[in-house]
Amino acid sequence: MSFLQDFWAFFASNLDEVFSQAGEHLYLTLVSLALATFIGVGLGLLLTRNDRLASPILGTVNIIQTIPSLALLGFLLPFLGIGEVPAIVALFLYALLPIVRNTYTGIQEVDPAVRDAAKGMGLSSNQRLVQVELPLALPVIFTGIRTSAVINVGVATLCALIAAGGLGEFIFRGIALNDSRMVLAGALPAAILAILFDFVLGRLQRLIAKSFRLGASVTLAVVVLPLIWLVWPQNGVKDRLVGGFPYEFIHRGDGYIGLQEHYQGLDLEVKEMEIGLMYQALTENNVDLISGFSTDGPIIAYQLRALEDDRGYFPPYHCAPLVRQATLERYSEIREVLNMLENRLSDTAMARLNYLVDQEQIPMEQVASDWLANQGFATGTNRETVNPQIRIGSKNFTESLLLGTLFGIMIENETSLDVDLKLGFGGTQLLYDALLQGEIDLYPEYTGTGLLVLLKADGTVRDSLGTGQEATYRYVQDKMLPLGLEWLAPLGFNNTSTFLMKEERARELGIEKISDLVGR
Amino acid sequence: MEIVAESLVKEYQGHRVVDQVSFSVPEGKTLVLLGTSGSGKTTCLRMLNRLVEPDGGRIWIGNEDVTQLNSVDLRRRIGYVIQQVGLFPHVTVAENIEVVPRLLGWSREKRRSRTMELLKMLGLEPSMSDRKPAALSGGQQQRVGIARALAADPGLVLLDEPFGALDPITRRDIQQEFIQLPALRSKTKVLVTHDVQEAFRMGDTIALLDQGQLQQLGTPKELLFQGRNQFVNQFFDFQRVPLQMEILALRDLVKDCDTQPKEGITYLPFSSDDSVGQVLEKWSQTSDVPKGIRFAFQGNTFFIHQKENFLIGFNRKVEELA
């Protein structure tokens, strides 16, 4: 089936969601545009009457425009939280500049002779504005409004990141899941919406040019209606618990939908959002819980509680050094040394180390060696690497980098081998290939990743293994030994997906495990 | 409406652009504010309808102190014509003309009939009333500008270089019509120009300004023949003869005329008010058969048979006045 057919099939089967997202999108754009038109035109007019304000106000509005949209959303988060309100505020701020500037220049650029004649004939300041300046500046002002409308339709897609809904939900979910049909299902209606906006505003402009009074009243209606929409009492009070999840978590194989089936009766109000904004949303009480990983540094930083997966849904992600057998044959001491770390790192301990690096900004080497020293290992040696015998790799996120560093210190101090660190590989597959090729000798890997990503185990295998640590470990060990790789002893922690709640909120609601959420 | 301006002063950033200027215009007369750019003539004009507020001095228009009046009300009673015309480009010609009547609350019928009357008076087609200003030529636009200024029948009309943007031929035509326009005859007019010919043609009195100061206030004849200072004399030097021809009319040459016609000569009829320049122009255009001129003055008829005699008479008069 061609992509296009594929897309149409997807589109048709998701028409309900397309319409509801487009509706949200329209709402966000229209309300913010209406506000911006009201305030922007007013501000622009104020500037023409008070020239001294022009430069500072235009400058400020200009600066707002230069803030990257995502940064603006993030910046508003502490003040306004997530959802529609900050989205509308951000869109409003973005729409402001073209409207203010065009109103100001539109009026400024009215022929001075016309202005002079109007004044000389005895039109008062307000009469000049309404009868001469506004009608003449109208095309320029409308250009500003149309520009803002198109900008807003675009920026509104980003509002999906702060759980404000809109067509961005499809787009970001599609990107996260690498599903171009889904991206297109969001992008295409957004583009149509932008064209539609421009068309309607163009019509409105022509109407005003023909009959100022009629056109102005229609415009006013178009501007006022969304504002009524905004202040209209919304029914449906927040009663369910609110979960903030990144897009891929909702739809991926081991994500929320599967979880709902596993925990019958679980029904959260779901808000999709950007992964980087989730912790903030949680600490600002915009959501009750988020999905995360059990060793995330913010668990320590924000005093969060990781809910227990008491019905065993999430596959285990125990971490252990994955080493080439060839290396182990040559330097058997490595197995001995790294196995000394077995079960030394609990979830909390690992989260704490991540926290020290991420939130406290302590250098990784120091965090690693401090911990080792604390555990009674030697850390004094730090040899100049001349002829490295062991190359250690890692993935490119804090925990993996930290463990790679830690392994390095361990080996240098407990053996006489020289170590070279090749940390921060761009992707898991890349790193795994490097290990198979012998470009590196070992790196820290998770059993769950080994199972799902490296060995690409299918559903039946996963079901047969369940969430058992032992079973999964044994399975990946058995499958990789023939490939010349060996898993050493697990370090203890399980960096699996989990639900995180603020400690005090969890205590208040009496929630300790995921099944406690059922029916809430 | 009579205008009296007394010791007007205007300063911009400590610089005096108008310095102690006084003048008065009797009802129905025309005052020309003449000078080079930067002389302060436009500023003087704009003080009359308070587009510029004076820093010193007083202005009475028809016995009312201008500063005591609401500036918006004041302006609605004064016609205002500018060089760039400044028609509202987004409304029709008729709507442009009806701006002030509308502000004054005239009925639709009254506005409409007044507009038609003005269009006719200024030689514009009634069909033009529904066009936008952009569809009109420069000369037509300025005619509409004048119609607009006259719409509410103001007692005073201010004109800021009204013909400055027109080509010389159109300018001359409109000037001529303007002078002859009955609706304007009875109005007090203040006109700003840098064109000396225009000043002499249109002004009953001329106020010659330089660097904000009034150099001389008087009739064209006084300025030309009795210049009060060197500046005044030098100002007119480069076109003195054409100006003299503009000022002196046939009635000034009565002394050098015959009272009897000659045989075999056809006489062109003139009015005693016609200027030497106008006579010469028309006379030169008809030189194929021997022609003289004829005009009546104070009940008598006078004849001039030859151009040479005519010019001799003109020269004699000039010497006499100087």
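A short reminder: the numbers here are calculations on the coordinates, not readings from a lab. Fair warning: this is a prediction, and the values are worked out from it, not measured in the lab. Every residue, glycine among them, receives a Cβ derived from its backbone with ideal geometry; neighbour counts consider all protein chains shown.
Principal axis extents for the range B:93-144, Cα atoms only, whole Å, descending order, please.
Dimensions of the range B:93-144 along the principal axes of its Cα atoms: 30, 18, 15 Å.
Would you work out which of A:ASN495, A:LEU509, A:GLY484 lies farthest towards the positive end of the dipole of the range A:478-520? Charges go on Cβ: Lys and Arg +1, Asp and Glu -1.
Going by the Cα projections, it comes out as A:LEU509.
Just to check, using Stokes-Einstein with a Kirkwood Rh over alpha carbon pairs, what's the diffusion coefficient of the range A:94-234 at 37 °C and 0.692 mPa s in µm²/s? Don't skip to the answer; put the middle values down first.
Numbers: Rh = 17.5 Å.
For these conditions, the coefficient is 188 µm²/s.
If amide H atoms are built 1.01 Å from N in the plane of the peptide, which residues on other chains or at least 5 residues away come under 5 Å of the amide H of A:ILE162?
A:GLU274
I'd like to know which of A:SER294, A:ALA118, A:SER13 lies farthest towards the positive end of the charge dipole of the protein assembly as shown, counting +1 on Cβ of Lys and Arg and -1 on Cβ of Asp and Glu.
A:ALA118
Would you work out which of A:SER148, A:ALA434, A:LEU136 lies farthest towards the positive end of the dipole of chain A? Charges go on Cβ: Lys and Arg +1, Asp and Glu -1.
Farthest towards the positive pole: A:LEU136.
Residue by residue through B:71-80, how many Cβ atoms from other chains fall within 10 Å of the Cβ on average? Numbers along the way, then the final one.
Working: counts 3, 7, 2, 1, 7, 3, 1, 3, 2, 7.
Mean shielding by partner chains, rounded to a whole number: 4.
Between the helical axis of A:15-49 and the dominant principal axis of chain A, each derived from Cα atoms, what acute angle in degrees is found, rounded to the nearest 10?
On a 0 to 90 degree scale, this one is about 50.
About its Cα centre, what dipole magnitude does the range B:27-167 give when the only charges are +1 on Lys and Arg Cβ and -1 on Asp and Glu Cβ, stated in debye to the nearest 20? Walk me through the numbers on the way to the answer.
On the way: 19 positive and 16 negative charges, 64 e Å.
Using Cβ point charges on Lys, Arg, Asp and Glu, the range B:27-167 gives about 300 debye.
Which residue fluctuates most in the GNM of chain B (Cα springs below 10 Å): B:GLY227, B:GLY264, B:GLY123?
Among B:GLY227, B:GLY264, B:GLY123, the largest mean-square fluctuation in the Gaussian network model of chain B belongs to B:GLY264.
Taking only Cα atoms, what is the 0 to 90° angle, nearest 10, from helix A:212-231's long axis to the longest principal axis of chain A?
30 degrees
Could you put A:ASP418, A:ASP463, B:ASP210, A:ASP310 in order, starting from the residue whose Cβ has the fewest other Cβ atoms within 10 Å? Walk me through the numbers on the way to the answer.
On the way: A:ASP418 16, A:ASP463 8, B:ASP210 19, A:ASP310 12.
Exposure proxy ranking, most exposed first: A:ASP463, A:ASP310, A:ASP418, B:ASP210.
Let me know the mean shielding of A:111-117 by other chains, meaning the per-residue number of their Cβ atoms within 10 Å of its Cβ.
Working: counts 6, 2, 6, 9, 1, 7, 13.
Shielding by partners across A:111-117 averages 6.
Can you show me the helix-derived [θ] at 222 nm for chain A, built from DSSP H runs with n ≥ 4 at -39,500 (n - 2.57) apiece and divided by the number of residues, rounded to the nearest 500. The partial results should precede the final answer.
On the way: 23 runs with 303 residues, N = 520.
Using -39500 (n - 2.57) per qualifying helix, the result is -18500 deg cm²/dmol.
What Kirkwood radius, in Å to one decimal, follows from the Cα pairs of the range B:3-238?
Details: mean 1/r = 0.0544 Å⁻¹.
Evaluated over the range B:3-238, this radius sits at 18.4 Å.
Calculate the dipole size of the protein assembly as shown relative to its Cα centre from +1 charges on Lys and Arg beta carbons and -1 charges on Asp and Glu beta carbons; express the result in debye to the nearest 20.
On the way: 76 positive and 96 negative charges, 983 e Å.
Around 4720 debye, computed over the protein assembly as shown.
Going by alpha carbons, how many degrees (0 to 90, nearest 10) lie between the helix axis of B:276-285 and the longest principal axis of chain B?
Between helix and principal axis, roughly 70 degrees.
Note down the net charge around A:ASP370, summing +1 for each Lys or Arg and -1 for each Asp or Glu among other residues with Cβ under 12 Å from its Cβ.
Working: positive: A:ARG352; negative: A:GLU360, A:GLU365.
Net of charged neighbours comes to -1.
Please identify, among B:ASN309, B:ASN63, B:ASN300, the residue showing maximal mean-square fluctuation in a Gaussian network model of chain B using a 10 angstrom Cα cutoff.
Residue with maximal mean-square fluctuation among B:ASN309, B:ASN63, B:ASN300: B:ASN300.
What fraction of the Cα pairs in the range A:319-495, stated in percent, has a spacing above 28 angstrom? Display every interim value, and only then the final one.
Details: 2982 of 15576 pairs.
Percentage above 28 Å: 19.
Name the residue, out of B:LYS255, B:LYS120, B:LYS221, whose mean-square fluctuation peaks in a Gaussian network model built on chain B with Cα pairs under 10 Å.
Per the Cα network of chain B with a 10 Å cutoff, B:LYS255 tops the list.
Summarise the partner chain shielding of B:99-108 as one whole number: the mean count of Cβ atoms from other chains within 10 Å of each residue's Cβ.
On the way: counts 8, 3, 0, 1, 6, 1, 0, 0, 0, 0.
Partner Cβ neighbours, averaged per residue: 2.
Over the Cα atoms of the range A:12-168, compute the convex hull volume and normalise it per residue, giving Å³.
Values: hull volume 17.3 nm³, N = 157.
With only Cα atoms used, the range A:12-168 gives 110 Å³ per residue.
Note down the Stokes-Einstein diffusion coefficient of the range B:206-322 in µm²/s, whole number, using a Kirkwood radius over alpha carbon pairs, 10 °C, and 1.306 mPa s.
On the way: Rh = 15.5 Å.
In µm²/s, the coefficient is 102.
May I ask you to list the aspartates and glutamates whose Cα is less than 12 Å away from that of A:LYS395, ignoring any residue fewer than eight positions away on the same chain?
In chain and number order, the partners are A:GLU445.
Averaged over every viewing direction, what's the projected area of the C-alpha convex hull for chain A? Give it in nm², one decimal, please. Walk me through the intermediate numbers first.
Numbers: hull surface 126.6 nm².
Result: a mean projected hull area of 31.7 nm².
For A:MET340 paired with A:ASP478, estimate the spin-label separation in nm (one decimal), with each label point 7 Å from Cα along the Cα-to-Cβ line.
In this crude spin-label approximation the distance works out to 3.3 nm.
Using a Cα-Cα cut-off of under 15 Å, which aspartates and glutamates could be cross-linked to B:LYS317, ignoring same-chain neighbours fewer than 8 residues away?
B:GLU222, B:GLU246, B:ASP252, B:ASP256, B:GLU308
About its Cα centre, how strong a charge dipole does the range B:3-238 have in debye, to the nearest 20, once Lys and Arg get +1 and Asp and Glu get -1 at the Cβ? Don't skip to the end; give the middle numbers.
Working: 29 positive and 27 negative charges, 137 e Å.
Dipole magnitude for the range B:3-238 comes out near 660 debye.
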